[in-house]
Every structure is written in C-alpha cells, then in structure tokens.
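Colleague: Take this structure first; my questions come after.
The values are calculated or read from the model by the stated rules, or taken from the named source; none is laboratory data. These numbers come from a predicted model, not from an experiment. Cβ placement follows ideal geometry from the backbone for every residue including glycine, while neighbour counts extend to all protein chains displayed. We work out accessible area using only protein heavy atoms, side chains counted, and drop any ligands, DNA or RNA first. Shrake-Rupley method; radii C 1.70, N 1.55, O 1.52, S 1.80 Å.
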Amino acid sequence: MHRAPAHLKILVLLGFVLGVVATPREWYPVFGGYLALVLGVVVLARVPLRYLLPRMVIEVPFLLFAALVPFVAEGERIAVHVVGGWELSLSESGLLAAWGLVAKGTLGVLASLTLAATTEPAEVLRGLQRLRLPDLLVQIMGFMIRYLDVVTSDLARMLTAMRSRGVDPRSPRHWPALARTLGALFVRSYERGERVHLAMLSRGYDGRLPEEAR
C-alpha cells in the first residue's frame, strides 16, 4: 500500500467512493462488505487507529446533521420510546436518509484517511499531475500544503495574544473577538499570497513551476 503509485491509489479511492455513493441505502449487507474492505486495507497498510480516530472528527458536522434528519423529514412516522418515558416521533424516510449519510460519509472519510496515511502529500500532487489534473489546480493545492503550517502558526500566535489579554476563544461571550481574529488572519494570509505571487513573477513565473520546485 505504501509503495503503490499515487495515481493508482487516487483512482482506486475515486472508484470506491463513487461505488459507495451509487449503492442504494437499503443494501445493508453491501455496506458491511465495504466496511470490511476498508478495515482490511487499514490492517494491511498498518495504519494505527491513533492516526485515524482523531481525524474522524472532521465528520462530526455531518453526523449532527444526520441526527436531525429523522425529526424534520416528512413521511410516515414511528414512535420510539426512550429512557424516562419520553416518546420520539421519527420519520421512517428520515431514518433511512440519516443511515445513508452516516454510512456513506464514514466510509468515504475512512478511505480518504487511509490514502493520506499511506501517501506523502508530494506524491499525491505528482499523482494528480499524472492523471492530467489542470496544472494550475495542482499548483494551488501544492501551495496550500506548503503554507498550511505557516497559517496555523500565525493562528496559534494570535490565540496566545488573545489569551494573554484575558480573551477565551472558547467562550461564546468572546466569539466576536475570535471572529475578528479569524478575519485578520484571512487578510494576512491573502496579503502573503499576493507577495509570494509577485515574488514568483519577478523570478520569471509564467504559469508553470520548474520541475525541481514541485
């Protein structure tokens, strides 16, 4: 898995995700097979769970949305009794839709994280180039990877400055200050991008990067 060409892994991931999305939600055993396949690849590639589980948090907003669907969807409803004598009225079609969102989203995230764990970012970019992705998009993604650490370091310093002034970014009372900080970070990042682009133009950039810079 680690030594396989990046462009082949990207094609396999794309085919797998398309297959998962195209599978009807009622085919429950098929989703079990998909999960077994992904977990088998995880075990084969020796990807540790301590790498996958924290990064699965990216799926939380979709899970929250899926949890709301049975309450707001229309159609026939069923009564579900919960602890304390409460009774919830849930939509059958909403439950099916929520199941589809959770199953397909979880499989897609797991497969994508497996690719990320077995492939270096530079290899992914080279794989996208071999798949004839527009060169400008590849360059944009490359710069995103290169400057992600710079932007996160800027954010960490700004949050430290906020806390030293008595502002707690986690408190709803201070969220306006956090929003202004994020706005300032966006402007700073945009201006840095402009300066980098001007520096590239001054060095003869013509829309394509030299091979040694990729």
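Colleague: Rounded to the nearest 500 deg cm²/dmol, what is the calculated helix-only ellipticity per residue at 222 nm for the chain, with -39500 (n - 2.57) per DSSP H run of length n ≥ 4?
Modeller: Counting only the DSSP helices, I get -24000 deg cm²/dmol.
Colleague: With an 8 Å cut-off on Cα pairs and a minimum separation of 6 or more residues, tell me the relative contact order of the chain in percent.
Modeller: 22
Colleague: Could you pull out the trypsin sites (Lys or Arg not before Pro) across region 54-158 that fall in loop regions by DSSP (anything but H, G, I, E, B) with no more than 13 other Cβ atoms inside 10 Å?
Modeller: Here the trypsin sites (Lys or Arg not before Pro) that fit, given the DSSP loop and packing criteria, are 132.
Colleague: Quick one, what does Rg over Rh come out to for region 43-95 if you take C-alpha atoms and the Kirkwood Rh?
Modeller: Rg/Rh: 1.23.
Colleague: Angle check, please: helix 175-202 long axis (alpha carbons) against the longest principal axis of the chain (alpha carbons), in degrees 0 to 90, nearest 10.
Modeller: It works out to around 40 degrees.
Colleague: Now, a different point. Using a 1.4 Å probe, how large is the accessible area of residue 27, given in Å² and rounded to the nearest 10?
Modeller: The accessible area of residue 27 comes to roughly 140 Å².
Colleague: Tell me, what is the per residue accessible area of region 134-203 in Å², probe radius 1.4 Å?
Modeller: Heavy-atom accessible area per residue stands at 74 Å².
Colleague: Using the alpha carbon gyration tensor of region 134-203, what are the three equivalent-ellipsoid semi-axes (square root of 5 times each eigenvalue), largest first, in whole Å?
Modeller: Result for region 134-203: semi-axes of 30, 12, 10 Å.
Colleague: Compute the helix-to-body angle for 121-130: its Cα long axis versus the longest principal axis of the chain, expressed 0 to 90° and rounded to tens.
Modeller: Tilt of helix 121-130: around 90 degrees.
Colleague: Hey, another quick one. Which label marks the calculated value of semi-axes √(5λ) of the Cα gyration tensor in Å, given the options [x] 25, 23, 16; [y] 38, 29, 16; [z] 29, 19, 16?
Modeller: Identified label for the calculated read-out: [y].
Colleague: Right, something else. Seen from all sides and averaged, what is the projected area of the convex hull of the Cα atoms in region 78-143, in nm²?
Modeller: 7.8
Colleague: If you line up the long axis of helix 92-118 against the longest principal axis of the chain, both from Cα atoms, how many degrees apart are they, to the nearest 10?
Modeller: 40
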